[in-house]
1. Taking the stretch B:33-134, how many lysine pairs are there with alpha carbons less than 23 Å apart, if each pair must be eight or more places apart or span two chains?
2. Using a cut-off of 20 Å between alpha-carbon atoms, which aspartates and glutamates can reach A:K87, once sequence neighbours fewer than 8 places away in the same chain are excluded?
3. Nearest 100 Å² is fine: how much accessible area is buried between A and C, summed over both sides, with a 1.4 Å probe?
4. Report the net charge of residues surrounding A:L215, where surrounding means a beta-carbon distance below 13 angstrom and charges are Lys +1, Arg +1, Asp -1, Glu -1.
5. Which whole-number value in Å² is the accessible area per residue of chain C, probe 1.4 Å?
6. Anything losing 50 Å² or more of accessible area from the isolated chain to the full protein assembly: pick those residues out of the stretch A:123-143, probe 1.4 Å, ligands and DNA/RNA ignored.
7. Give the accessible area for C:S102 in Å² (nearest 10); use a 1.4 Å probe, count only protein heavy atoms, and leave out ligands, DNA and RNA.
8. Just how large is the dipole of chain A about the Cα centre, in debye to the nearest 20, putting +1 at every Lys and Arg Cβ and -1 at every Asp and Glu Cβ?
Amino acid sequence: MKANVHFREVLNNGTGYYGLLALLGAIVLIGLGAAYFMEHNGHFVTGMNNEIVWGMPHVFAVFLIVAASGALNVASIGSVFGKSQYKPLAPLSGLLAIALLAGGLAVLVLDLGHPDRLIVAMTYYNFKSIFAWNVMLYTGFMAVVVVYLWMMMERKMNKYTKPAGFFAFIWRLALTTGTGSIFGFIVAREAYDAAIMAPMFVIMSFSFGLAAYILVLMASFKWTERELGDKILYRLKNLLGIFVGAVLYFVLAYHLTNLYAAEHHSVERFILLDGGIYTKLFWIGQILIGGLIPLAMLYHPTLGKSRAVIGWACALVILGGMAQMYVIIIGGQAFPLVLFPGMEVSSSFADGIVASYTPKLPEYLLGIGGVAIALLLVTIAVKVLRFLPESLADAIVDPHTASDAKGTAKKAA
Amino acid sequence: MAVMYNYVRSLILLAGMALLGLPLVAQSETPLPVIPEASSRFSAEQACVEPTEEMRKNHMNYILHQRDETMHKGIRTRQHSLEECINCHVPVEDKDGQPMRITNKDHFCSSCHTYAAVKVDCFQCHADRPVKTTAFHPLTSQASEKTAFHHSDAGETVSADTLEVLAEEGKLQ
Amino acid sequence: MTHKSEINSSRRQFLNGSAIAAGLAIAPGVMLHQVAQAKPADQAVTSDKRWGMLIDTNKCSKGCDACVRGCQTENGWGENETKSGPNQVAQWIRKVELRDTSTGFTKSLPLMCQHCEHPPCVDVCPTGASFKRADGIVLVDKHICIGCRYCMMACPYKARSFIHEDLQDQLPVAPRGKGTVESCTLCVHRVDKDGENAIPACAEACNAEGHEAFVFGDLKNPNSRISQELAKHGGTQIRADLGLNVGIRYRGI
Ligand code: SF4
Ligand code: SF4
């Protein structure tokens, strides 16, 4: 069966490919320009301030990093859990993971007050800091996935694919747990003071990463005129449905446990009831657009089989995921710190009131630039190396059932 | 990407250096930087806090060492303190009577650093010229205005061996 | 002695200018006493001391912000940041007004970095730029701060500020610049100079107003005024539940 799956680099040299390349390149350049503008002038040109210290760039960056580790899932299912149907999907999965991580890290670094001190960040380590650990987790992740890809793509090394895949799987769990812990370790802010934060990030990564993966898979197959069978696509979309449901479940658990603890009632009230933009983003963005609607779309008996609907569902999951990041990162900071329980406080520095934050254009541009960096890397890589299978028609993916699936495969093509 | 960013930066830097280097190759006569006079001498025998040759080559090591000592251990000797470098070396500008800024190519630091094309990172946080202070006097509770160029001066706590030196010289009765 | 003189010969020359001034300052008896207590400039701080402050909120008056202005003048923050928005300008110390919702009882107090014994800002800082000195003062080493602002996320007291624009003519006692984070230093330059006799600028300004709400001193020395007052009247830590064992204590809240 393995012999049936061939990989081939992207061959078409049409204007489509180079147009895409140019478009992504331009967006990347705009993003870099925005970063330079912020660095050159200082952060006063952004909406970030001493209350909302992490803003829009961090929403993008954390989303990309979380999605990166989730994108590796497909490969893990193939080599760690031995589901052979997933194996042809693995190289793209590894590639997307690296690309998304690179995009996210670029945004994170370019938003620093001193991106020029990157060398300092790499030579001075405070081993107590979860942030420093993350720097190592991130760079290590890149290296591990590169090795994993090599084992997969070099026939002579194939026998090591399984252990390499296993190692990468463990590493990615550590990575997302680490990312979640960045927030979990902040004891002072009520919204983050929850042990469930880290596992919630792992589940979020499954969902966001898979949604990104399905979109990239569908787009790349369509644009390079390769055949993507229904079987594999439906399997992926059903998996996505499970993940989206799991995220909803974790969000529910998070808020319920918070409601149990009396001291967290006010922050819950803020997010769920009267937090203005954050409440709206939570219910409409995160729960409705990012959860219930895509769930209905994916599981609808007829609509759920349409490729357009599947694509839109993935896009909604990503949008909802961004909303969720915004609620967690920005909302968590906007809610006033409680210094004097039972007291009404006021000061010249916005004590006791909800901090206001209006992201400015350069922040969006930098964030979008990060997304473009990820997509640009994928676009270039699939042309230079053999990441994409020639075909994922049903007959090739799952030969045992090929005979009865032939009909659908033809239609899908 | 971060790596790429640095890579691109170093490429640009390299290109810049190559361009700067061109005239050096073209004319063998390169105008040496004009280094402004310091406003006082360290001692009769020695111009600066270490022999001048040593300072030209290794001033950054002294400053770096002092930086960590002061920052982390609270050691505040003045011999190698950046503040004293600035107080002594950044002369008054002729035109408006204001001391020069680092952006001025005749500023003590930039005169050489421009020539050697080495970026100075000190002055994002440290003042690039002697600073006037209007501060409360630390030892009295009334606010006594002290408007002068900030210098180590009266009220300074002196260390044990400085006291010894002073006693030797008969300045302490 | 000869040996010592040799070592000191260059330094003696350098100090010549200020030596006369120091000699003059030493003349009154008070000054000599002061010299005896302070840490010599060339000695490192040790953990024999832990600096702290006790703030009596009963003496702190509503609407008075002398301490805030005193700190600004001493350390030069807030005024030369012309481009930053209201919440982007540095705030090393701020006045907070409290009102008990059940009784209507009001209070006013200054709030700054609490110089935690277990500072969250130090724990999270990736480069070690946030650090605690041996004598308990929490500082930012701006030379290695990369401006990630994680410490600001972690501080429970909102005590830290990020610099949002280019600065010029910073004061020598408080270097500060774009892209780094800063906070109250407990007037570390004064503490290094005067030891037990140091008076942070906020306290000095408060005294000048006649309120005398601050007591600065060594928490480890049982005979210091701060330790004795704490022993007699006690003192509250803001958010004591976090277990940070802060160096700034309050009375009357
Ligand atoms: S009060 Fe905030 S800035 Fe100060 S030591 Fe504690 S955590 Fe750090
Ligand atoms: S902003 Fe600076 S001091 Fe604060 S955590 Fe980051 S590197 Fe450390």
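1. Lysine pairs satisfying the spacing and distance rule in the stretch B:33-134 number 6.
2. By straight Cα distance, A:K87 reaches A:E9, A:E154, A:E227, A:D230, A:E390, A:D394, A:D398.
3. 4600
4. Summing Lys and Arg as +1 and Asp and Glu as -1 gives +3.
5. Here the per-residue accessible area is 37 Å².
6. A:Y124, A:N126, A:F131
7. Rounded to the nearest 10, the figure is 100 Å².
8. 1820
The values are calculated or read from the model by the stated rules, or taken from the named source; none is laboratory data. Source: prediction; values computed, not measured. Ideal geometry is used to build each Cβ from the backbone, glycine not excepted, and the neighbour counts take in all protein chains shown. To get the accessible areas, we keep the full protein, side chains included, count just its heavy atoms, and leave off ligands, DNA and RNA. Shrake-Rupley method; radii C 1.70, N 1.55, O 1.52, S 1.80 Å.
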